Amino acid sequence: MNYQTTVSSNEETKNQKRNNKLTVEMSQKPTSAYVGATWGVVSIGLLSYCIGLWNANMQLNEKGYYFAILLMGIYAVISLQKAVRDKTEKLKVSDMYYSISWVVVIVALLLLIIGLRNADLALSEKGFYGISYLLSLFGAITVQKNARDIDFIKTKMEKEE
C-alpha cells in the first residue's frame with residue numbers, strides 16, 4: 001500500500017512539475033497585444049518614413065539613397081537579432097557573421113546620420129526621418145524576436161506532447 005501511495009505521489013509531483021514548467025513557458029510567450037503593438041510600430045515607422053520620402057522635395061537619387069539605407073538597416077538589425085539570439089541559445093554562430101552584423105548595423109546608422117547632416121532639409125524634417133528610421137529598426141527587431149519566441153515555445157510544446 002505504501003508503495004502505491006509513493007508512486008502516485010511521485011506521479012502527481014511529476015505532473016505538477018510538468019504543468020508548472022508549461023505555465024512558466026507560456027507566461028514567457030509574448031501576448032497578442034504586444035505582438036500587435038510591435039507590428040503597429042514597424043508599420044508606422046516604415047509607412048511614415050516612406051510617405052515622407054515620397055512627398056519630399058529631393059532628387060530621385062537622394063530618395064533612393066534614403067530608401068536603400070532603410071532596407072539595409074532593417075535587414076541588418078534582423079540579422080543581428082538572430083545572431084544574438086542564436087548565441088544566447090548556444091547555437092553555432094561564426095564570429096565573422098556576428099561581427100559583420102554589428103558592423104552593418106553601425107554603418108547603416110552612420111550613413112543615415114551623415115546623409116541627414118549633409119542634407120538640405122529643415123531640422124524638423126531631419127528629426128522626422130531619424131525617428132521614423134529608428135522606429136522602423138526597433139519594430140523590425142521586436143517583430144523578429146516575437147516570431148522567434150512564439151516558434152520556440154510552439155516547438156517545445158509539440159516535443160512535450
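Among the residues of the range 51-85, the one identified as within 16 Å of residue 116 (Cβ to Cβ), touching a Lys or Arg at 6+ places or on another chain (Cβ under 9 Å) and part of a helix (DSSP H, G or I) is 53.
Would you say residue 48 is in a helix (DSSP H, G or I), among the polar types (S, T, N, Q) and touching a residue at least 40 places away in the same chain (Cβ under 8 Å)? I'd like the intermediate steps shown before the answer.
Values: in a helix (DSSP H, G or I): yes; among the polar types (S, T, N, Q): yes; touching a residue at least 40 places away in the same chain (Cβ under 8 Å): yes.
Taking the combined requirement at face value, the residue satisfies it.
Of all residues in the range 107-161, those satisfying the criterion of being out of contact with any Ser or Thr (no Cβ under 8 Å at 6 or more places or on another chain) and of a type in the set (Gly, Ala, Ser) are 108, 115, 119, 122, 124, 127, 130, 136, 140, 147.
We did not get these values from a lab; they are worked out from the coordinates using the rules stated. Predicted, not measured: the structure shown is a model, and the values here were computed from it. Using ideal geometry, Cβ is built from the backbone for each residue, glycine included, and neighbour counts are taken over all protein chains shown.
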